[in-house]
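One structure below.
Please treat every number below as a calculation from the coordinates, not as lab data. Bear in mind that the values here come from a model prediction, so they are computed numbers and not experimental data. Neighbour counts are summed over all protein chains in view; Cβ atoms, including those assigned to glycine, are modelled from backbone coordinates with ideal geometry.
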Amino acid sequence: MATLGVLGGGQLGRMFVHAAQALGYETVVLDPDAGSPAGHVSQHFIHADYRDAQALRDLATLAGAVTTEFENVPAESLAALAADRPVSPMADCVAIAQDRIREKAHFTRCAAAGGVAPAPYAVIESEADLADVPDALLPGVLKTARLGYDGKGQARVATRDELAAAWQQMGRVACVLEQLLPLAAECSVIVARGRDGQVVSLPVQRNLHRDGILAVTEVFEDNVPPALAQQARAATEQIATELGYVGVLCVEYFVLQDGRLVVNEMAPRPHNSGHYTVDACDVSQFELQVRTLAGLPLTAPRQHSAAVMLNLLGDLWFDVVDGEDVPRTPPWPALLALPGAHLHLYGKAEARRGRKMGHLTFTAADAASVRATAQQACALLGLEAF
Ligand code: ATP
Ligand code: MG
Ligand code: MG
């Protein structure tokens, strides 16, 4: 198997391509955007829609196995490709992760078997469902069942009237209403599961979001209480195993103010919160994706450095002068002068506010040093301290 294929050409695909090439594979990327970050660095690029039958045949001809980097890739396209070559994750797992209703049902089944429960929730697909919502779910968060990301496709609602208005606003599509929980922290866990059922997990990542977008990930000992970390890793392995999942899976959790762990959602692919693994672990989440796809052995990843990752959004490429956006280049030399700085830029031609342009990972021997350096970087970038 000399060539590995990936549906989707964003930054996750680009980092998959880098990992695949390091292990001696050629890659083929399929993406509808001619300027996609992964397309630039791949030996082969198919510029087409994810549903284009001819393009899928071309991909199948070139690639010995196919993965995805984009959670909303049509599950039918994965199913079509799987007819004559390994595809991981499989279409049925991706379809569950694409639909919050099916995803929460899976979490609930895992919780009943000793795992971690999701927030109390109700499915809303009709007027009758709306009327049946228990009072205990308010205040709550209404989320569309499909296609939401970075906090888009959700609304906080305090009353039944607000709930009805928000559902109307969302076009009365299938939704879930979750109880609004008092969060103390958020974290995520990445696991990789091979075709033979072997599972390995990465350390718990502690995540800080701003405006619904991941801003900072901190990974070092005691970033969350050890018992909670153990519980989150075990729950993530269970979620993957119960799905019969093959590939890399990320599960997001809430830590509540009373110390309880609640499962939020999953992504059937490497995750932004796992980017630090490239610089701080002996096996990255992208190498794990390559290994699971190619049927190579999995070894338990070891984190060798404390790490803090800062997301670099397009906002950093602008100064505001007299209320106008003026383009600028972030101060790379000053940032790279900091110890343990690892800069990753995704090669996107145009910076836009809120767009993920790159990330900076800091590594150090201990948590205090790495936090101090990352705080210096925030000051240089004009980002809020964390
Ligand atoms: P992503 O970009 O991670 O895929 P998303 O748009 O799919 O995000 P969620 O992860 O469900 O959305 O929610 C976004 C953020 O909103 C969470 O990280 C959390 O900060 C907050 N949030 C979501 N649900 C709840 C809840 N039930 N109670 C409290 N806060 C919540
Ligand atoms: Mg999501
Ligand atoms: Mg999320």
How big is the gap, in Å, between the Cα center of segment 190-222 and the Cα center of segment 122-158? 26
Rounded to the nearest whole number, the per residue volume of the convex hull around the C-alpha atoms of segment 120-179 in Å³ is 68
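Can you give the alpha-carbon Rg of segment 150-251 over 2.2 N^0.38 Å, where N counts its residues?
Values: Rg = 17.1 Å, N = 102, 2.2 N^0.38 = 12.8 Å.
Ratio of Rg to 2.2 N^0.38 Å for segment 150-251: 1.34.
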Grab every C-alpha pair in the chain, bin the distances at 10 angstrom width from 0 up to the longest one, and report whole percents. 5, 22, 31, 28, 13, 1, 0
Along the positive direction of the dipole of the chain (beta-carbon charges: Lys, Arg +1; Asp, Glu -1; about the Cα centre), which of Gly24, Thr217, Met90 reaches farthest? Gly24
Can you work out the Karplus-derived ³J(HN,Hα) for every residue in segment 269-280? Use 6.51 cos²θ - 1.76 cosθ + 1.60 with θ = phi - 60°, whole Hz, and x for glycine or proline. 4, x, 9, 3, 6, x, 5, 4, 5, 4, 9, 10
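Placing +1 at every Lys and Arg Cβ and -1 at every Asp and Glu Cβ, with all other atoms neutral, what dipole size does segment 3-87 have around its Cα centre, in debye to the nearest 20? If you can, show how the numbers build up before the last one.
Values: 4 positive and 10 negative charges, 36 e Å.
Here segment 3-87 has a charge dipole of around 180 debye.
With +1 on each Lys and Arg Cβ and -1 on each Asp and Glu Cβ, and nothing else charged, work out how big the dipole of segment 1-145 is about its Cα centre, in Debye to the nearest 20. Each step should come with its number before you reach the end.
On the way: 9 positive and 18 negative charges, 92 e Å.
With only Lys, Arg, Asp and Glu charged at Cβ, the dipole is about 440 debye.
Tell me, Thr27, Thr277 in order of fewest to most beta-carbon neighbours within 10 Å?
Details: Thr27 25, Thr277 28.
Ranked by crowding around the Cβ, least crowded first: Thr27, Thr277.
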Taking Cα atoms only, Rg over Rh for segment 204-263 with Rh from the Kirkwood formula is 0.98
How much net charge surrounds Ser42 when only the other residues with a Cβ under 14 Å from the Cβ of Ser42 are counted, with Lys and Arg +1 and Asp and Glu -1? -4
Taking the number of other C-beta atoms within 10 Å as the exposure measure, put Arg14, Arg195 in order starting with the fewest. Arg195, Arg14
Amide H partners (placed H, <5 Å) of Arg210, local residues excluded: Ala215
Under unit Cβ charges (Lys, Arg +1; Asp, Glu -1), what dipole magnitude, rounded to 20 debye, does segment 183-381 have relative to its Cα centre? 380
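Please quote Rg/Rh for segment 183-381 to two decimal places, taking the Kirkwood radius as Rh and restricting both calculations to Cα atoms. Can you show the working numbers first?
Working: Rg = 17.5 Å, Rh = 17.7 Å.
Rg/Rh: 0.99.
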In angstroms, what radius of gyration and Dmax does segment 3-87 have, counting Cα atoms only? 11.1, 30
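Run the helix sum for the chain: -39,500 (n - 2.57) per DSSP H stretch of 4+ residues, divided by residue count, reported at 222 nm to the nearest 500 deg cm²/dmol. List each step's numbers first, then the result.
Details: 13 runs with 122 residues, N = 386.
Taken over the chain, the calculation gives -9000 deg cm²/dmol.
Rank the residues Ser42, Ser126, Ser201, Ser88 as a footprinting-exposure proxy: fewest other Cβ atoms within 10 Å of their Cβ go first.
Working: Ser42 28, Ser126 11, Ser201 20, Ser88 25.
Placing the least packed residue first, the sequence is Ser126, Ser201, Ser88, Ser42.
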Name the residue farthest towards the positive end of the dipole of segment 300-365 from the options Val320, Gly358, Ala307, assuming +1 on Cβ of Lys and Arg, -1 on Cβ of Asp and Glu, about the Cα centre. Ala307
